1. List the strands (runs of 3 or more DSSP E) inside segment 126-177, counting only whole elements, that have at least 2 residues being out of contact with any helix residue (DSSP H, G or I) (no Cβ under 8 Å at 6 or more places or on another chain) and modelled with pLDDT of 95 or more.
2. Among the residues of segment 87-106, is there at least one that is of a type in the set (S, T, N, Q) and assigned to a loop (DSSP other than H, G, I, E, B)?
3. For segment 132-176, how many residues are over 16 Å from Thr98 (Cβ atoms) and among the aromatic types (Phe, Trp, Tyr)?
4. Return the pairs, sorted by first residue and then second, in which the second residue is part of a strand (DSSP E or B) and hydroxyl-bearing (Ser, Thr, Tyr), the first residue lies in segment 162-191 and is within 16 Å of Lys221 (Cα to Cα) and free of Cβ contacts under 8 Å to residues at least 60 places away in the same chain, the beta carbons are less than 8 Å apart, and the residues are 6+ apart or on different chains.
5. Can you work out which of the residues in segment 208-229 that are hydrophobic (A, V, I, L, M, F, W, C) and either surrounded by 11 or more Cβ atoms within 10 Å (Cβ to Cβ) or touching a residue at least 24 places away in the same chain (Cβ under 8 Å) (or both) is farthest from Thr178 (Cα to Cα)?
6. Take the residues of segment 67-86 that are in a strand (DSSP E or B) and under 14 Å from the mean Cα position of the chain (by Cα): which is surrounded by the fewest Cβ atoms within 10 Å (Cβ to Cβ)?
7. Tally time: how many residues in segment 178-192 are outside any loop (DSSP other than H, G, I, E, B) and either buried (at least 17 other Cβ atoms within 10 Å of the Cβ) or among the aliphatic types (A, V, I, L, M) (or both)?
8. State which residue is modelled with the lowest pLDDT when the search covers only segment 22-66 and only residues that are surrounded by 14 or more Cβ atoms within 10 Å (Cβ to Cβ) and in a loop (DSSP other than H, G, I, E, B).
Amino acid sequence: MCRVQRVWQWLVIAALTATACGQRPVASSEFEATRQRMVQRQLRERGIKDERVLAAMGKVPREEFVPADERGDAYEDGPLPIGYGQTISQPYIVAFMTEQLRPKRGDRVLEIGTGSGYQAAILGELVAEVYTIEIVEPLAKNAEATLQRLGYKNVHVKVGDGYKGWPEGAPFNAVIVTCAPDKVPQSLVEQLKDDGRMVIPVGEQFAQQLYVLEKKNGQLKESVTLPVRFVPMVREAEQR
């Protein structure tokens, strides 16, 4: 049997095996097409204008950051569960928050709430360094492994309490928070550079607003962008 026939046979067997297990084999080209439709219909047509953000959203394989049984829904217009009571945010929210952050190529960014690692990967396409903290250790380890496998050497993952930030890495040009505290943690304000921006959801579980904070001469200027619903931000004591 020639090599081409052997390869073809192997592909057929792999496809049949996936179907027998109840999983529809999805080619990478299909994910690529779905990803570009997501960028056009969910992002560009809904007002996301930053071409760098759109390009990053069109490049990062979101399907790699969701559980295997959720991959077919990776580009749906909504959040998805990733285990441990956590979710990967809706693509539009990821793009909106990233655009509001106004990331620059030379920036160092702090992210609170690594989750799946998807937001960190988007930022990794746009800035020099990303420092991301996750309090749920298994999620942090999974995200770190995925980011390393995909080649994101400029993303640094740490297991820890997001309320404390990452003081040894501070100050940061920008801070993005993907879980909701009841008020803005002072430690994150202190670790933000002057002229820096912070994007953060604030409020109770069912009444949150997404804030954009700008630090000018040590003072914060804040604006409210839209109502959101994120998982609550958890302290180490609560986690234990």
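The values are calculated or read from the model by the stated rules, or taken from the named source; none is laboratory data. Worth saying up front: this structure is predicted, and the values here are computed from it rather than measured. Every residue, glycine as well, gets a Cβ built from its backbone with ideal geometry; the counts of neighbours run over all protein chains shown.
1. 172-177
2. Looking for residues that are of a type in the set (S, T, N, Q) and assigned to a loop (DSSP other than H, G, I, E, B), one finds at least one in segment 87-106, hence yes.
3. 2
4. Listed by first residue and then by second, the contacts come to Val184/Tyr211.
5. Step by step, filter segment 208-229, then rank; the result is Leu220.
6. It comes out as Pro81.
7. 4
8. Once the filter is applied, the top-ranked residue is Val26.
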